[in-house]
Amino acid sequence: DAMGQLRSEQFKLRQMLYSDKLDAGAITDQQKKVDELRRQMLKSRIEARNQMAAVLTKEQQQQFRQFGPWWLQEIE
């Protein structure tokens, strides 16, 4: 749901950026919405990772940390 909302807000931002007349206030407000959604998604990912790590044994936690954050692997 959050990813869909993020994409929708990014689409609105792109439309604003490609319009004939740029409204600096509206564009910066829209960028704030996009940034806030990204922060919320990052927080959710971190909380999910912490929940997963909490149920692992010490050995499993060490192995889990070797892979690092999974969302960074998606970017590369």
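Those residues that are open to solvent by 90 Å² or more (accessible area, probe 1.4 Å) and under 21 Å from residue 5 (Cα atoms), I need them from region 18-31; list them, please.
Hit for region 18-31 is 18, nothing else.
Tally time: how many residues in region 48-64 are loosely packed, with under 10 Cβ neighbours inside 10 Å and of a type outside the set (S, T, N, Q)? Give the derivation first.
Filtering region 48-64 for residues loosely packed, with under 10 Cβ neighbours inside 10 Å gives 50-51, 54-55, 57-59.
Keeping just the survivors that are of a type outside the set (S, T, N, Q) gives 54-55, 58-59.
Of the residues in region 48-64, 4 are loosely packed, with under 10 Cβ neighbours inside 10 Å and of a type outside the set (S, T, N, Q).
The values are calculated or read from the model by the stated rules, or taken from the named source; none is laboratory data. These numbers come from a predicted model, not from an experiment. Virtual Cβ from ideal backbone geometry, glycine too; neighbours counted across all protein chains shown. Just the protein is used for accessible areas: all its heavy atoms, side chains included, with ligands, DNA and RNA removed. Shrake-Rupley method; radii C 1.70, N 1.55, O 1.52, S 1.80 Å.
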